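Engineer: Sharing a structure below in structure tokens format, with a few things to ask.
The values are calculated or read from the model by the stated rules, or taken from the named source; none is laboratory data. Given the structure is predicted, the values throughout are model-derived calculations rather than measurements. Note that each Cβ is placed from the backbone with ideal geometry, even for glycine, and that neighbours are counted across all protein chains shown. Surface accessibility is based on the protein's heavy atoms, side chains included, excluding ligands, DNA and RNA. Shrake-Rupley method; radii C 1.70, N 1.55, O 1.52, S 1.80 Å.
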Amino acid sequence: MAGTPPLVRIVAAELGEGLAGILAGIAADVLIFSTVDDLRLSGTAWRFQISGVVVLALLWAVNLLLSRPRQLRAFSSAVVIEDVSLLEPDEERTHILRRGCVRVAAFVLLVTLAGAYVAHWPLFGLGVQLALGIGVLHTWRTAIWWERRHHVHLWKPALSAVGRENWRRSPYYATSTSAESLTNNG
């Protein structure tokens, strides 16, 4: 695996990025709700904003549910890595995980603030945060469940390190939880 970007645990990457985005969104919401005088929550504007939040969250949830069987098939075809010493924690992996969290947090911050101050939809950011929350829940229900059931850890190159197309083409990798725990304890 020399020359390839370091692999990161799927659970750590997805949960970390999702939680970073949610926290950035909460910070943006605090700023918005403390500085915007008219949240446009009177008349029909609030119904439109709430409907937008709900529709965005529902579309994201449906997308995740529809892609779940494909994701489970990809998990089951994960390439087994016998030599777990290739996956020892290192600085580059930690840096890649942090970079992914910063990118998602910056995106959510930008979208939430632009939705409030440019589009005058202060609740739009809540839809993005709700979608991230659904994604975190989906990861918890799918990836963590899969790892526990099959006694493996799932790995993949970080999206922030390889780009979307290379990440999609990259297979999943699996390591045994018992072999990895023995290596890290020794």
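Engineer: Consider His153 against the criteria (1) assigned to a helix (DSSP H, G or I); (2) open to solvent by 30 Å² or more (accessible area, probe 1.4 Å); (3) more than 30 Å from Asp37 (Cβ to Cβ): it satisfies all of them except one. Which criterion is unmet?
Structural biologist: Checking His153 against (1) assigned to a helix (DSSP H, G or I); (2) open to solvent by 30 Å² or more (accessible area, probe 1.4 Å); (3) more than 30 Å from Asp37 (Cβ to Cβ), the one that fails is (1).
Engineer: Okay, next question. Considering each residue of segment 90-106, count those that are free of Cβ contacts under 8 Å to residues at least 40 places away in the same chain and either under 15 Å from Gly135 (Cβ atoms) or open to solvent by 80 Å² or more (accessible area, probe 1.4 Å) (or both), and give that number. Before the answer, list the steps.
Structural biologist: Let us first name the residues in segment 90-106 that are free of Cβ contacts under 8 Å to residues at least 40 places away in the same chain, namely 91, 94-95, 98.
Checking the rest, the ones that are also either under 15 Å from Gly135 (Cβ atoms) or open to solvent by 80 Å² or more (accessible area, probe 1.4 Å) (or both) come to 91, 95, 98.
Number of matching residues: 3.
Engineer: Also, quick follow-up: Would you please name the residue that is farthest from Arg70 (Cα to Cα), looking only at residues in segment 156-173 that are open to solvent by 30 Å² or more (accessible area, probe 1.4 Å) and either touching a Ser or Thr at 6+ places or on another chain (Cβ under 8 Å) or in a strand (DSSP E or B) (or both)?
Structural biologist: Val162
Engineer: Determine which member of the set Ser181, Ser176 is over 30 Å from Asp37 (Cα atoms), in contact with a His (Cβ under 9 Å, 6 or more places away or on another chain), open to solvent by less than 90 Å² (accessible area, probe 1.4 Å) and modelled with pLDDT under 90.
Structural biologist: Numbers: Ser181 fails: in contact with a His (Cβ under 9 Å, 6 or more places away or on another chain).
The conditions single out Ser176.
Engineer: Is it the case that Ala2 is surrounded by fewer than 16 Cβ atoms within 10 Å (Cβ to Cβ) and either modelled with pLDDT under 90 or not in a helix (DSSP H, G or I) (or both)?
Structural biologist: Details: surrounded by fewer than 16 Cβ atoms within 10 Å (Cβ to Cβ): yes; either modelled with pLDDT under 90 or not in a helix (DSSP H, G or I) (or both): yes.
Yes; evaluated as a whole, the condition is true for this residue.
Engineer: Count, please, the residues in segment 43-79 that happen to be modelled with pLDDT under 90 and open to solvent by 80 Å² or more (accessible area, probe 1.4 Å).
Structural biologist: Residues flagged as modelled with pLDDT under 90 and open to solvent by 80 Å² or more (accessible area, probe 1.4 Å) within segment 43-79 amount to 4.
Engineer: Looking only at segment 107-140, count every residue that is open to solvent by 30 Å² or more (accessible area, probe 1.4 Å) and either in a loop (DSSP other than H, G, I, E, B) or closer than 23 Å to Pro6 by Cα (or both) and tell me the total.
Structural biologist: The qualifying residues number 5.
Engineer: List pairs: first in segment 116-130 and farther than 9 Å from Ala57 by Cβ, second assigned to a loop (DSSP other than H, G, I, E, B) and open to solvent by less than 50 Å² (accessible area, probe 1.4 Å), Cβ under 6 Å, 6+ apart or cross-chain?
Structural biologist: Final answer for the pair search is Ala116/Pro122; Pro122/Val36; Pro122/Leu39.
Engineer: Within segment 125-153, work out how many residues are farther than 16 Å from Ala24 by Cα and over 15 Å from the mean Cα position of the chain (by Cα).
Structural biologist: 9
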